[in-house]
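Colleague: Below are the structure tokens for one structure; questions will follow.
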Amino acid sequence: MSTLELAQVSRWFGNVVAVNDVTMHLGPGVTGLLGPNGAGKSTLIHMMAGFLSPSAGSVTLDGRPLYRDPEIYRDVGLVPEREEMYDALTGWRFVLANARLHDLPDPEAAARRAIATVDMTEAEERDIRTYSKGMKQRIKMATAIVHDPAVLLLDEPFNGMDPRQRLHLMELLHRLGDQGRTILFSSHILEEVEQIAQRIEVMVAGRHAASGDFRQIRLLMTQRPHQYTIRSSDDRALASAVMAEPSTSGVELVTDSAGGSVVQVQATDFSSFVHALPRVASRHGIRLLEVRPADESLESVFTYLVTR
């Protein structure tokens, strides 16, 4: 089990600051790295992979600096976002070459295992130039795991994958994380991050905006009301009763997609509201049929962090 540590890391290119004073701790399991384009995600991943030096601060793996240490490369696997590959090679030769570069004792067996793991055995003898984008992503994944690294860094690994390929990669990441590997992947596919990642790290404009479980992060955002959609046996009466509660800042009775009504509530005090709602309903003889957070998705958290 390995741990990546970033301590007050910055990286600038001329007058452009790509990463600004980021401190981050990454341990075993699957972590999602979120942020809009230009947030610094790729720069951060390249520094974690040892291919880019920080302009300030330190990036270490189990206490050892990563930059220009070939021995550490044996412990790290990288799937870059950029698509440039050796298109004239077959998938088999590409993965085998990486196995040999790592000086593995049986590179052929290692390449065969890695290709099978990403479900590319049937296409291994085809030239990479004939691969779809999703297939290229999978063969890059094979090169990243061929040497059985303790750390995997994946930059937008789901790009170009069809639903079946995405499901396969999601299951693979779950399995590798459960084995105790340290996995960081960036993605704009927020629903998949929500399903895979045990933790998230959010980058906005080069800065580290948030860290942890996305629901925990949302609970800390007291500046913005929590939103709920509620269905009940008497939505009009419930809306009127909830409006009088001091923990709410807004109540609206709206028509849902099925033509029925729902109550939309903004709560300024999360804890008080969730305790007050059942009491209010009971006092007025109203049955609560559904209480659903309307803004607890990862997309909502991400959008709030980016725009606040």
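The values are calculated or read from the model by the stated rules, or taken from the named source; none is laboratory data. This is a predicted model, so every value here is computed, not measured. Don't worry about glycine lacking a Cβ; one is built from the backbone with ideal geometry, like all the others, and counts go over all protein chains shown.
Colleague: Out of Leu104, Leu89, Leu78, Leu167, which single residue is in the same structural domain as Ile189 (by TED's automatic domain parsing) and either crowded, with 20+ Cβ neighbours inside 10 Å or touching a residue at least 60 places away in the same chain (Cβ under 8 Å) (or both)? Walk me through it before giving the result.
Modeller: Numbers: Leu104 fails: either crowded, with 20+ Cβ neighbours inside 10 Å or touching a residue at least 60 places away in the same chain (Cβ under 8 Å) (or both); Leu89 fails: either crowded, with 20+ Cβ neighbours inside 10 Å or touching a residue at least 60 places away in the same chain (Cβ under 8 Å) (or both); Leu167 fails: either crowded, with 20+ Cβ neighbours inside 10 Å or touching a residue at least 60 places away in the same chain (Cβ under 8 Å) (or both).
Being in the same structural domain as Ile189 (by TED's automatic domain parsing) and either crowded, with 20+ Cβ neighbours inside 10 Å or touching a residue at least 60 places away in the same chain (Cβ under 8 Å) (or both) holds for just one of Leu104, Leu89, Leu78, Leu167, which is Leu78.
Colleague: Go through segment 271-293 and count every residue that is in contact with a Lys or Arg (Cβ under 9 Å, 6 or more places away or on another chain) and within 20 Å of Phe214 (Cβ to Cβ).
Modeller: Residues of segment 271-293 that are in contact with a Lys or Arg (Cβ under 9 Å, 6 or more places away or on another chain), as a first pass: 281, 288-293.
From what's left, within 20 Å of Phe214 (Cβ to Cβ): 291-293.
Total satisfying the criteria: 3.
Colleague: Still on this model: Which one is surrounded by the most Cβ atoms within 10 Å (Cβ to Cβ), of the residues in segment 196-213 that are part of a loop (DSSP other than H, G, I, E, B) and touching a strand residue (DSSP E or B) at 6+ places or on another chain (Cβ under 7 Å)? Don't jump to the end; show me each part of the working.
Modeller: Step one: of segment 196-213, the residues part of a loop (DSSP other than H, G, I, E, B) are 197-198, 205-206, 213.
From the residues that got through so far, the ones that are touching a strand residue (DSSP E or B) at 6+ places or on another chain (Cβ under 7 Å) too are 197-198, 206, 213.
Numbers: Ala197: 24, Gln198: 14, Gly206: 22, Asp213: 13.
Filtering first and then ranking leaves Ala197.
Colleague: What are the residues in segment 79-97 that are at pLDDT below 95 and touching a Ser or Thr at 6+ places or on another chain (Cβ under 7 Å), if any? Walk me through it before giving the result.
Modeller: First pass over segment 79-97, keeping only residues at pLDDT below 95: 79-89.
Listed by number, the list holds a single entry, Glu81.
Colleague: Here is a further query. For a quick check of your reading: which helices (runs of 4 or more DSSP H) sit entirely within segment 81-195 and have at least 2 residues that are in contact with a strand residue (DSSP E or B) (Cβ under 8 Å, 6 or more places away or on another chain) and under 19 Å from Pro28 (Cα atoms)?
Modeller: Details: elements: 91-101, 107-117, 133-145, 163-178.
It comes to 133-145, 163-178.
Colleague: Conditions: (1) crowded, with 20+ Cβ neighbours inside 10 Å; (2) in contact with a helix residue (DSSP H, G or I) (Cβ under 7 Å, 6 or more places away or on another chain). Arg64 meets all but one. Number of the miss?
Modeller: Every condition holds for Arg64 apart from (1).
Colleague: Tally the residues that are crowded, with 18+ Cβ neighbours inside 10 Å and in contact (Cβ under 8 Å) with a residue 24 or more places away in the chain, restricting the search to segment 108-133. Break it down into steps so the answer makes sense when it comes.
Modeller: At the first step, the residues of segment 108-133 found to be crowded, with 18+ Cβ neighbours inside 10 Å are 110-112, 114-115, 117-118, 120, 123-124, 128, 131.
Cutting the leftovers down to in contact (Cβ under 8 Å) with a residue 24 or more places away in the chain gives us 110-111, 114-115, 117-118, 120, 123-124, 128, 131.
Looking only at that region, the number is 11.
Colleague: Which of the helices (runs of 4 or more DSSP H) found entirely inside segment 218-308 contain at least 1 residues meeting this: under 30 Å from Val204 (Cβ atoms), modelled with pLDDT under 90 and not aliphatic (A, V, I, L, M)?
Modeller: Numbers: elements: 235-243, 270-283, 298-307.
Of the helices (runs of 4 or more DSSP H) lying wholly inside segment 218-308, those with at least 1 residues that are under 30 Å from Val204 (Cβ atoms), modelled with pLDDT under 90 and not aliphatic (A, V, I, L, M) span 270-283, 298-307.
Colleague: Same structure again: Can you find even one residue in segment 49-57 that is over 30 Å from Glu191 (Cβ atoms) and not in a loop (DSSP other than H, G, I, E, B)?
Modeller: There is at least one residue in segment 49-57 that is over 30 Å from Glu191 (Cβ atoms) and not in a loop (DSSP other than H, G, I, E, B).
To keep it simple, each residue is scored yes or no on (1) in a loop (DSSP other than H, G, I, E, B); (2) small (Gly, Ala, Ser); (3) more than 16 Å from the chain's Cα centre (by Cα); (4) surrounded by 19 or more Cβ atoms within 10 Å (Cβ to Cβ).
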residue: Ala7; (1), (2), (3), (4): no, yes, yes, no
residue: Pro36; (1), (2), (3), (4): yes, no, no, no
residue: Ser42; (1), (2), (3), (4): no, yes, no, yes
residue: Ile45; (1), (2), (3), (4): no, no, no, yes
